[in-house]
Amino acid sequence: MLQQNEIKQRFGRIERNIEEAVNTCQADTKLPQKLKDCVTQWKQHAAKAKSIFESQNNKEILLCVDDLEKIGERAEVALRDVVGDDSEIRNFVHHAHTELSDLRKKLH
């Protein structure tokens, strides 16, 4: 099991990438609504996750990370509908999803 401090650090990076993805989606009117909705949902779940991470309840943390990773997976799928080189949004979504996947593996 990871130390609480490392979990918080990782989650901080995840939150920053999700926030940047949200900002990018808001600024780019060409991005599909499906992606925008997914990223918005991701941000909402991440905001709720803060209290779960603070609780230090390992079972709840694991469920939360699983949920966040599933949303990240949906965001990655939604990116397939993006036409053109929108590397900024791709990078933010990919980094957050990859970090969540790695965190989930280490928590199991």
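The values are calculated or read from the model by the stated rules, or taken from the named source; none is laboratory data. All values derive from a computational prediction rather than experimental measurement. Neighbour counts are summed over all protein chains in view; Cβ atoms, including those assigned to glycine, are modelled from backbone coordinates with ideal geometry.
Of the residues making up segment 65-91, those that are at pLDDT 90 or above and more than 14 Å from residue 11 (Cα to Cα) are 70, 71, 73, 74, 75, 76, 77, 78, 79, 89, 90, 91.
Take residue 79 and decide whether it is in contact with a His (Cβ under 9 Å, 6 or more places away or on another chain) and surrounded by fewer than 17 Cβ atoms within 10 Å (Cβ to Cβ).
No: the conditions fail for residue 79.
Residues are listed down the side, and each one gets a yes or a no for (1) within 19 Å of residue 94 (Cα to Cα); (2) surrounded by 13 or more Cβ atoms within 10 Å (Cβ to Cβ):
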site	(1), (2)
17	yes, yes
20	yes, yes
29	no, no
35	yes, yes
43	yes, yes
46	yes, yes
53	no, yes
56	no, no
64	yes, yes
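So which residues in segment 82-108 are over 28 Å from residue 28 (Cβ atoms) and either touching a His at 6+ places or on another chain (Cβ under 9 Å) or touching a residue at least 12 places away in the same chain (Cβ under 8 Å) (or both)? Spell out the reasoning first.
Step one: filter segment 82-108 for residues over 28 Å from residue 28 (Cβ atoms), giving 104-108.
Of everything in segment 82-108, those that are over 28 Å from residue 28 (Cβ atoms) and either touching a His at 6+ places or on another chain (Cβ under 9 Å) or touching a residue at least 12 places away in the same chain (Cβ under 8 Å) (or both) turn out to be 104, 106, 107, 108.
Inside segment 25-64, residues that are more than 14 Å from residue 15 (Cβ to Cβ), among the charged types (D, E, K, R) and touching a residue at least 24 places away in the same chain (Cβ under 8 Å) make up a count of 3.
Filtered by the rule that a residue be part of a helix (DSSP H, G or I) and surrounded by fewer than 15 Cβ atoms within 10 Å (Cβ to Cβ), segment 1-12 gives 4, 5, 6, 8, 9, 12.
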